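Structure first, then comments.
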Amino acid sequence: MNKQDFYYLGKIVSKYSFKGELLLKIESDEINFKELKSIFIEIDGSLVPFKINKLQLHKSSLLRFSVEGVDNEIKADRVIKSEVFLPINDLPPLSENKFYYHEISGFKVIDNNLGEIGKVMSVNDQTSQPVLIVKKNEKEIMIPLVDEFLIEVDRKEKKLIFELPDGITNL
């Protein structure tokens with residue numbers, strides 16, 4: 001089981017009840033929670049599968065759930081602050097100009113005026129606006145992921161085509 005075959009769903013932030021129920025802060029919005037049968041919790045650096053017993057939305061960005069094997073406060077305490085993952089294969093396919101951040105790693109970034117800018121190394125989504133980290137030679141270029149700038153996602157050729165404002169790649 002390789003971690004790169006999974007995507008980050010969120011982090012367990014607290015217990016909900018003395019019966020082992022937990023609250024997960026969700027970091028993904030493309031999930032149909034009603035179809036989830038199991039999750040993978042990172043414990044001591046390994047992804048451990050857990051069958052879901054109960055699952056429901058709790059407030060806006062929290063998921064209240066219980067899993068097999070975690071049925072009391074002591075067991076729940078052991079997984080607090082653990083990260084939760086799901087298999088990438090379970091993600092529904094996206095089309096047109098929508099994509100998952102992990103999906104575009106290694107894509108060429110092309111501007112209609114400047115030509116090839118570089119290759120996507122990662123996406124920084126910890127800022128108010130997600131930013132592409134693009135590498136050209138040894139230089140890192142940051143490009144804001146703004147819908148108005150993105151012209152086309154070419155999955156077959158692994159390219160992102162942009163119409164970027166003048167000077168944005170020089171920042």
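Rule-based calculations on the coordinates, nothing more; no lab input. In this text the structure is predicted, and so the values were computed from the model without any measurement. Using ideal geometry, Cβ is built from the backbone for each residue, glycine included, and neighbour counts are taken over all protein chains shown.
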Practice prompt. Mind scanning Lys25/Lys81; Lys34/Lys81; Lys34/Lys156 and naming the pairs with a C-alpha gap bigger than 20 Å?
Written response: Lys34/Lys81; Lys34/Lys156
Item to complete: Would you please give the FRET efficiency between Glu68 and Asn89, computed as 1/(1 + (r/R0)^6) with r the Cβ-Cβ distance and R0 = 30 Å, to the nearest 0.05?
Response: 0.85
Discussion item. If I take R0 = 41 Å and measure r between the Cβ atoms of Lys34 and Leu114 in this structure, what FRET efficiency does the formula 1/(1 + (r/R0)^6) give, to the nearest 0.05?
Written reply: 0.35
Worksheet, complete the sentence: Expressed to two decimals, region 16-67 has a Cα Rg over Rh, using the Kirkwood radius, of 0.95
Response to the item:
Under the 7 Å Cα-to-Cβ spin-label approximation, Asn97 and Thr127 lie apart by a distance in nanometres of 1.9 nm
Worksheet item: Between the DSSP loop rule and a limit of at most 13 other Cβ atoms within 10 Å, which trypsin sites (Lys or Arg not before Pro) in region 77-120 are left?
Response: Lys81, Lys98
Fill in: P(r) weight above 20 Å for region 3-90, C-alpha pairs, percent
24 percent
Fill in: Distance cut-off 14 Å, percentage of C-alpha pairs in region 101-170 lying past it
55 percent
Worksheet entry | Binned Cα-Cα distances of the chain, short to long, each 10 Å bin given as a whole percent | 9, 33, 26, 20, 11, 2
